[in-house]
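Please read the structure below before turning to the comments.
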Amino acid sequence: MKTLLSIVIISFVIGMPRQASADGNELLSNCIAAERVADGDHEVAADAIACMAYLNRVSDMNMMYRAAALEDKAERVTRAFCSPDHGVSPDSSSGSSSI
């Protein structure tokens, strides 16, 4: 498990030199671009991809935390955040809740 985790961490470090120095304002700008792409404006697709890639890395990190805790047979499996079991659809981001 340690070898796998080391490989994943090294891959993140090598693969994201630009994103490693990004701040919250840049992330916000990129994610606003992702909303614009979803609305049909494909001029800002590169920025939108940067946002989606960042969010995918955060989600992957969360899954690695959970897998490591399960493998270590931890009493309580900790996660960086909780996500829905069945994923998130574009309709679910409207702010309304069906709970």
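With a sphere of radius 15 Å drawn around the Cβ of A45, what net charge do the other residues whose Cβ falls strictly inside it have (Lys, Arg +1; Asp, Glu -1)?
On the way: positive: R36; negative: E35, D39, D41, E43, D47.
Overall, the nearby charge balance is -4.
Set the Förster radius R0 to 25 Å, insert the Cβ-Cβ distance between K73 and T3 as r into 1/(1 + (r/R0)^6), and round the FRET efficiency to 0.05. Could the numbers behind the result be given before it?
Working: r = 19 Å, r/R0 = 0.77.
Once the sixth-power term is evaluated, E becomes 0.85.
Under 15 Å from the Cβ of L28, count the other residues' Cβ atoms, weight Lys and Arg +1, Asp and Glu -1, and hand me the total.
Neighbour charge sum, excluding L28 itself: -3.
Relative contact order for the range 17-76 using alpha-carbon pairs under 8 Å, separation at least 6, rounded to a whole percent? All intermediate terms of the calculation are to be shown ahead of the outcome.
Numbers: 32 pairs, mean separation 14.9, N = 60.
RCO, the range 17-76: 25 percent.
Laboratory data are not the source of any read-out in this text; all were calculated from the coordinates shown. Nothing here was measured: the structure is a model prediction, and the numbers come from that model. FYI the Cβ positions are ideal-geometry reconstructions off the backbone, even for glycines, and counts take in every protein chain you see.
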